[in-house]
Amino acid sequence: MMNEKVESIMIKDLITLGPDSNLTHVSEIFRQKKIHHIPIVDEGKLVGLVTTYDLWLKNAKLEEYDNIKVKEIMSKVLVKLEPDDKVGTAAELFLDNRFHALPVVKDGFLVGLVTTFDVLRYEFLKEYPDPILYKDILEKGIDAAH
């Protein structure tokens, strides 16, 4: 059931930032877009991932956010997928590591992001291809940039 390629469910239209962006910008994106993960890229290459949890761990005052760069708090050692990896591989990584998002890269360049919600939506729609409730949300995703 989960043998399809991850590229079939990954988010392709991503919001990204550079490593020198500040936490004010990160916080605004999280709040406005209602997302929890932002891939950090340098000339298209994935260099990190910043999450709402990273902000929480930093425990900085809002007044300090302008002076703190993303590269100071982002995760740099990442588990990544490639577009040809299977959806089941993503699910196994989510279950085994408690991740909620996995960047998808090709030759080091960011090409997508897969979240736990994407895997859940994929499996739900296989079982219930014509849902009654939340049909638009399930088919289009809550936010193309989560």
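Where a number appears in this text, it was derived from the coordinates with a stated rule and is not lab data. Bear in mind that the values here come from a model prediction, so they are computed numbers and not experimental data. Here Cβ is always computed from backbone atoms with ideal geometry, including for glycine, and neighbour counts include all displayed protein chains.
With K and R counted +1 and D and E -1, the other residues having a Cβ less than 10 Å from that of VAL111 yield a net charge of -1. Annotation: amide H of VAL111 within the under-5 Å range of VAL104, VAL105, LYS106, sequence separation 5 or more or interchain, hydrogens built in the peptide plane.
Relative protection proxy for 59-66, 92-99, from highest mean packing down: 92-99, 59-66 (other beta-carbon atoms within 10 angstrom).
Only helical DSSP H runs with n ≥ 4 go in: add -39500 (n - 2.57) per run for the chain, normalise by residue count and round the 222 nm mean residue ellipticity to 500 deg cm²/dmol. Provide the component values of the computation, followed by the final result.
Details: 5 runs with 47 residues, N = 146.
Result for the chain: -9000 deg cm²/dmol, rounded to the nearest 500.
Here the stretch 6-140 is treated with +1 on each Lys and Arg Cβ and -1 on each Asp and Glu Cβ, and its dipole about the Cα centre works out to around 240 debye.
Work through the residues other than PRO39 whose Cβ is under 14 Å from its Cβ and net out their charges, Lys, Arg +1 and Asp, Glu -1. Spell out each step's value before the answer.
Numbers: positive: LYS12, LYS33, LYS45, LYS71, LYS76, LYS80, LYS106; negative: ASP13, ASP42, GLU43, ASP54.
Result for the local shell: +3.
Which three semi-axes in whole Å describe the equivalent ellipsoid of the chain, each the square root of 5 times a Cα gyration tensor eigenvalue, listed largest first?
Values: eigenvalues 155, 61, 32 Å².
They are 28, 18, 13 Å, listed largest first.
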